[in-house]
1. Give the residue that is farthest from Phe150 (Cα to Cα), with candidates limited to residues of the range 43-59 that are out of contact with any strand residue (DSSP E or B) (no Cβ under 7 Å at 6 or more places or on another chain) and not in a helix (DSSP H, G or I).
2. Checking His148 against (1) surrounded by fewer than 21 Cβ atoms within 10 Å (Cβ to Cβ); (2) more than 25 Å from Lys44 (Cβ to Cβ); (3) of a type outside the set (Phe, Trp, Tyr), only one condition comes out false. Which one?
3. Being in contact with a Lys or Arg (Cβ under 9 Å, 6 or more places away or on another chain) and not in a strand (DSSP E or B) is the filter here, so list the residues in the range 20-40 that pass it.
4. Which of (1) surrounded by 14 or more Cβ atoms within 10 Å (Cβ to Cβ); (2) without any contact (Cβ under 8 Å) to a residue 40 or more places away in the chain does Val5 not meet, given it meets every other one?
5. Scan the range 82-126 for residues that are closer than 22 Å to Lys160 by Cβ and either touching a strand residue (DSSP E or B) at 6+ places or on another chain (Cβ under 9 Å) or part of a helix (DSSP H, G or I) (or both) and report the count.
6. Just checking, does the range 45-60 include any residue being among the acidic types (Asp, Glu), under 13 Å from Gly9 (Cα atoms) and modelled with pLDDT of 95 or more?
7. Looking at Glu80 and the list (1) without any contact (Cβ under 8 Å) to a residue 40 or more places away in the chain; (2) within 23 Å of Lys153 (Cα to Cα), which single condition is not satisfied?
8. When Thr142 is evaluated against the numbered criteria (1) among the polar types (S, T, N, Q); (2) touching an Asp or Glu at 6+ places or on another chain (Cβ under 8 Å); (3) modelled with pLDDT under 85, which criterion, by number, is the only one it fails?
Amino acid sequence: MHLYVVRHGETWANAEQRYLGSLDPALTELGRRQAEALGEYLPKNLDALVVSPRIRAKETARIINERLKLPIEIMECFRERDVGVFEGLTQADAREQYPQLWSQNITRRWDAGPTGGESISDVVKRVRSGLVELESKYSSKTVLLVAHGFVAKVIRAMAKGDFSDFYHWQLSNGRMLILESFEIPTLDTDILRGSLPLV
């Protein structure tokens, strides 16, 4: 499977550098322009368009799809990471309002997350499950996935079989990660946990 992963265009929360996970805002004007610009860089031979259920991803996909004219397949497993009580906060807000959680570096723990949110392990498991499903349906096809920054981080790390630069690499809004001949990794969670930096 050839996999093209797009991060949705900008929202107001991205512009203000807030945790956005389960929140569901629409794109800003800049975000819509970013989605329009993506059309120039897409391959001509796309077979499937898969999208996160969040409004910002669906809106990005609709704009992109004006040229592609593909059926849009929404998959819940590719939604953004839910960071619980940190949702909608800046890092400074989170540090001030939840000092105990912040002091634990909680968003970077493999098996724990902010209260009410998901751990990294949770997200890795559900994203990997979605990729297995895509591989079974589109094994020799080219798939465009419109999703989120954290989801893109997970997919890239799994493609490399290495989480060592997980926190240093970021897919910007309206940008695309290209993974030719993508294969689902067989690494177990112990191996992934061992290679994941916590700071």
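1. Let us first name the residues in the range 43-59 that are out of contact with any strand residue (DSSP E or B) (no Cβ under 7 Å at 6 or more places or on another chain), namely 44, 54-55.
Restricting the remaining residues to those that are not in a helix (DSSP H, G or I) gives 44, 54.
Working: Lys44: 27, Arg54: 14 Å.
Out of the qualifying residues, it is Lys44.
2. Condition (1) is where His148 drops out.
3. Taking the range 20-40 and keeping what is in contact with a Lys or Arg (Cβ under 9 Å, 6 or more places away or on another chain), we get 20-27, 31, 34-35, 38-39.
Matches in the range 20-40: Leu20, Gly21, Ser22, Leu23, Asp24, Pro25, Ala26, Gly31, Gln34, Ala35, Leu38, Gly39.
4. With (1) surrounded by 14 or more Cβ atoms within 10 Å (Cβ to Cβ); (2) without any contact (Cβ under 8 Å) to a residue 40 or more places away in the chain applied to Val5, the lone miss is (2).
5. 9
6. Our first condition is that a residue be among the acidic types (Asp, Glu); within the range 45-60, this holds for 47, 59.
Now drop any that are not under 13 Å from Gly9 (Cα atoms), which leaves 59.
So of that shortlist, the ones also modelled with pLDDT of 95 or more come out as 59.
Within the range 45-60, one or more residues are among the acidic types (Asp, Glu), under 13 Å from Gly9 (Cα atoms) and modelled with pLDDT of 95 or more.
7. (1)
8. All conditions pass for Thr142, except number (3).
The values are calculated or read from the model by the stated rules, or taken from the named source; none is laboratory data. This structure is a prediction, so every number in the text was calculated from the model and none was measured. Counting neighbours? That spans all protein chains shown, and the Cβs are built from the backbone with ideal geometry, glycine included.
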